[in-house]
Amino acid sequence: MNDGRRTRLALGAWTVAIVLFLLTPIAIIVVYAFNPSNVQGWPISGLSTKWFSRTFEDQGMRGALWLSVRAALVATTVALLLGSAAAFGVSRFRFFGREAVSFLVVLPIALPGIITGMALNSFFTFWGVDLTYWTIVIGHATFCIVIVYNNVLARLRRTSASLVEASSDLGADGWQTFRYITFPLISTALVAGGLLAFALSFDEVIVTTFTAGAQNTLPLWIFGNIRLGQSLPEVNVVVLLVLTVTIVPVVLAQRLTRDTGALRRGAVPAAGT
């Protein structure tokens with residue numbers, strides 16, 4: 001066996017070990033969601049779905065779930081609008097401090113979540129703003145904007161400016177150029193950014209802790225029950241729900257990003273005809 005083959009086998013084994021290390025705890029939680037006993041022990045005594053009905057009958061859980069969904073949807077909408085606008089401004093225009101603006105936009109997600117949460121809490125307290133649903137949305141939007149901004153900016157930088165110039169030369173105004181040229185080229189980046197922003201907002205804990213006040217989002221509901229050792233079978237079911245809700249948009253965003261090259265190759269000839 002030559003050195004190249006041994007290296008590939010070693011890297012493959014190391015990769016499998018890392019994947020197992022990351023996914024084994026998740027798999028255990030998924031199995032525990034079907035545990036008929038309220039005692040978490042291994043191996044489980046059987047498989048049952050009885051905790052699913054009890055979980056969805058829990059008013060506190062349903063209220064936390066609905067709050068998380070509403071906050072994630074609004075935060076994602078805000079992020080799509082502001083993140084796209086910032087990306088267009090930085091990509092299309094040259095002005096003093098452009099790199100500083102880009103740095104400031106990205107800063108909230110680069111900082112530790114506890115720093116962002118404390119800063120927002122201090123800001124709201126200083127101005128006498130009560131911690132409500134809207135403070136949660138503002139807190140989530142600060143880092144969701146970064147996700148959309150990075151996706152759209154990367155796409156705009158890979159998009160040929162000659163397409164926009166050709167559209168203008170052919171008599172199209174700004175809105176027509178955006179509608180028929182720019183938007184189709186960045187649409188998958190917007191969808192991918194929106195899906196990732198929603199997933200990030202939906203399972204956010206640290207920033208939410210400082211901006212939610214007395215309210216409970218679903219991740220805070222999970223954290224509170226685990227900390228107090230209450231309703232652990234229901235927590236396992238909710239964790240399975242959160243995994244599903246989080247994984248689906250991430251997988252879709254990954255597929256959209258992967259297929260971007262093919263979409264753009266098909267769009268460019270169509271635009272030129």
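The values are calculated or read from the model by the stated rules, or taken from the named source; none is laboratory data. All of these numbers come straight from a predicted model, not from anything done at the bench. Methodologically, a virtual Cβ is constructed for each residue, glycine included, from the backbone with ideal geometry; neighbour enumeration extends over all protein chains shown. We work out accessible area using only protein heavy atoms, side chains counted, and drop any ligands, DNA or RNA first. Shrake-Rupley method; radii C 1.70, N 1.55, O 1.52, S 1.80 Å.
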Requested in this report: May I ask you to compute the full-extension gain from PHE88 to LEU252, defined as 0.36 nm times their residue separation minus their alpha-carbon distance, rounded to one decimal in nm?
Outcome: 56.6 nm
Query - Cα-centre dipole for the chain with unit charges at Cβ (Lys and Arg positive, Asp and Glu negative), debye to 20 - result: 740
Query raised in the report: Could you give the angle, 0 to 90 degrees to the nearest 10, between helix 232-258's Cα long axis and the longest principal axis of the Cα atoms of the chain?
Result: 20
Query raised in the report: Once you list every other residue whose beta carbon is under 15 Å from the beta carbon of PHE210, what net charge do they have if Lys and Arg are +1 and Asp and Glu are -1?
Result: -2
Query raised in the report: For the chain, what is the mean residue ellipticity at 222 nm derived from helices alone (per DSSP H run of n ≥ 4: -39500 (n - 2.57); sum divided by total residues; nearest 500 deg cm²/dmol)?
Result: -26000 deg cm²/dmol
Query - Residue-by-residue Karplus 3J(HN,Hα) for the range 53-70, coefficients 6.51, -1.76, 1.60, Hz, glycine and proline x - result: 5, 5, 5, 6, 8, 6, 5, x, 5, 5, x, 5, 4, 5, 5, 5, 5, 4
Query - Local electrostatic count at SER102 - Lys and Arg +1, Asp and Glu -1, tallied over other residues with Cβ under 14 Å - result: +3
Report task. Ignoring everything but the protein chains, give the 1.4 Å probe accessible area of TRP221 in square angstrom, nearest 10. Result -> 20
Query raised in the report: Quick one: if you stick a label point 7 Å off each Cα along the C-beta vector at ARG5 and VAL19, how many nm between them?
Result: 2.2
Query raised in the report: Per residue, how much accessible area does the chain have with a 1.4 Å probe, in Å²?
Result: 58
Query raised in the report: Non-local amide H neighbours of THR132 (under 5 Å, H modeled in plane, Pro and chain starts lacking H): which ones?
Result: none
Report task. Post the alpha-carbon centroid distance, the range 123-142 to the range 68-103, in whole angstrom. Result -> 19
**Report entry** Average Cα contact separation per residue, the range 158-252, under 8 Å, 6 or more apart, as relative contact order %
**Finding:** 28
Requested in this report: Determine, for each peptide in 169-179, 187-197, 209-219, 58-68, the mean count of other beta carbons within 10 angstrom over its residues, then list the peptides with the highest first.
Outcome: 187-197, 209-219, 58-68, 169-179
Query raised in the report: How large is ³J(HN,Hα), in whole Hz, for each residue of the range 220-225 in order, when computed from phi with the Karplus curve 6.51 cos²θ - 1.76 cosθ + 1.60 and θ = phi - 60°, using x for Gly and Pro?
Result: 5, 4, 4, 4, x, 5
Report task. Quick one: pull the percent of accessible area on the range 73-226 belonging to carbon and sulfur, 1.4 Å probe, ligands and nucleic acids left out. Result -> 71
Query raised in the report: Using alpha-carbon pairs under 8 Å, 6+ residues apart, how would you state the relative contact order of the chain in percent?
Result: 27
Query raised in the report: Taking 0.36 nm per intervening residue step and subtracting the Cα-Cα distance, what contour gain separates THR244 from VAL129 on full extension?
Result: 38.0 nm
Query raised in the report: Where does helix 98-110 land angle-wise versus the long Cα axis of the chain, in degrees 0 to 90, nearest 10?
Result: 10
Query raised in the report: Assuming R0 = 45 Å, what is the FRET efficiency of ARG157 and SER45, from their Cβ-Cβ distance, to the nearest 0.05?
Result: 0.20
